[in-house]
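Below: the structure, in structure tokens.
The values are calculated or read from the model by the stated rules, or taken from the named source; none is laboratory data. Note that the coordinates shown come from a computational prediction; the quantities given were computed from them, not determined experimentally. Cβ atoms come from the backbone with ideal geometry, glycine included; neighbour counts cover every protein chain shown.
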């Protein structure tokens, strides 16, 4: 690539780019100022962003020598996102209104400034979306799916980048590998791994999709049999809900340190995920708290009591279990009963399972569980007190 074109890619003037190259900030040039390989252009883009943030050329040169900017070379492995198609042109091409494209783009969480110049790849993705909507899939549902995709895939991409940095980039820096050699090794490894990411994720998606389609049919069957209340509002479901967290986690962090506390949380969340019964799933994790949703209250209760036996050390888990109506939106569950369950677990002590009166009858049918009345408890944010019970394994089962 010629100097002028490289400068356009980096968003600076040719004179600035020439000055950077002559000062050794972009080592890939090696004296050939007028000929810019893709790796040099990618590095120039990184330098431009760092300069915008106020970093000096001396600091950037030092970071380059240390290999801290080796990621810049990997940018060449990704497709060029720059395009020249306007939003109006793409709207005519795809049959989607310009305002709808903006709304879809926002739902996916993509940067809106990209709509000022769209590429053919963007157009093809929007054609796929247009076909989905033309096939009759409701727009309101697709917008929710788009938000879930955007949130989930951005988290995946963030994890991929950070883990690659922690386990590949940083070890190379610690070993003192020269910057250019490091960049070459990282580029080769990323080039081998990147093409495999999409087929692996597609496989996992298909497996999960099959699982949740089956679970959804089971859930509909149970509602048809009269298990749930009359839920007329779109997206409102009757579900079993559990919240689990670690009692005294903040103090544990202060005493043992963040690394040890984080390791314990990871062990805790892995244990929850690996032991959950069929038909339940982790909806989200927030710090040391885990939200679980399923259809079968009995299975969730049995899991909660049995799970406590897995932990002997502090901080001990505490679990709250409830059943009620929740509104499903964007891959998450909302509503009064969800909030209530989170307040129930906050009243539990380490090692306890507290349940509400909504699942008390289910618990009483489980002969291997022992129930102890806690009484009416005032929960934060709720006017009326709620009857709670403590569930443990019966003596004959221990």
For the stretch 96-124, how many residues are surrounded by fewer than 13 Cβ atoms within 10 Å (Cβ to Cβ) and out of contact with any strand residue (DSSP E or B) (no Cβ under 8 Å at 6 or more places or on another chain)? 8
Would you mind stating whether residue 155 is out of contact with any strand residue (DSSP E or B) (no Cβ under 7 Å at 6 or more places or on another chain), in a helix (DSSP H, G or I) and at pLDDT 90 or above? no
Do you know which residues across the stretch 64-75 are buried (at least 18 other Cβ atoms within 10 Å of the Cβ), modelled with pLDDT of 75 or more and part of a helix (DSSP H, G or I)? 64
Hey, could you check the stretch 115-128 for residues that are out of contact with any helix residue (DSSP H, G or I) (no Cβ under 6 Å at 6 or more places or on another chain), over 30 Å from residue 184 (Cβ atoms) and in a helix (DSSP H, G or I) and say which is modelled with the lowest pLDDT? 116
Tell me which residues, restricted to the stretch 316-330, are closer than 25 Å to residue 237 by Cβ and in contact with a helix residue (DSSP H, G or I) (Cβ under 7 Å, 6 or more places away or on another chain). 319, 320, 321, 322, 323, 324, 325, 326, 329, 330
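Yes or no, residue by residue, for (1) out of contact with any helix residue (DSSP H, G or I) (no Cβ under 7 Å at 6 or more places or on another chain); (2) on the phi > 0 side of the Ramachandran plot; (3) surrounded by fewer than 18 Cβ atoms within 10 Å (Cβ to Cβ); (4) assigned to a helix (DSSP H, G or I):
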| site | (1), (2), (3), (4) |
| --- | --- |
| 282 | no, no, yes, no |
| 314 | no, no, yes, no |
| 333 | yes, no, no, no |
| 348 | yes, no, no, no |
| 358 | yes, no, no, no |
| 367 | yes, no, yes, no |
Taking residue 392, is it under 18 Å from residue 318 (Cα atoms), touching a helix residue (DSSP H, G or I) at 6+ places or on another chain (Cβ under 8 Å) and in contact (Cβ under 8 Å) with a residue 60 or more places away in the chain? yes
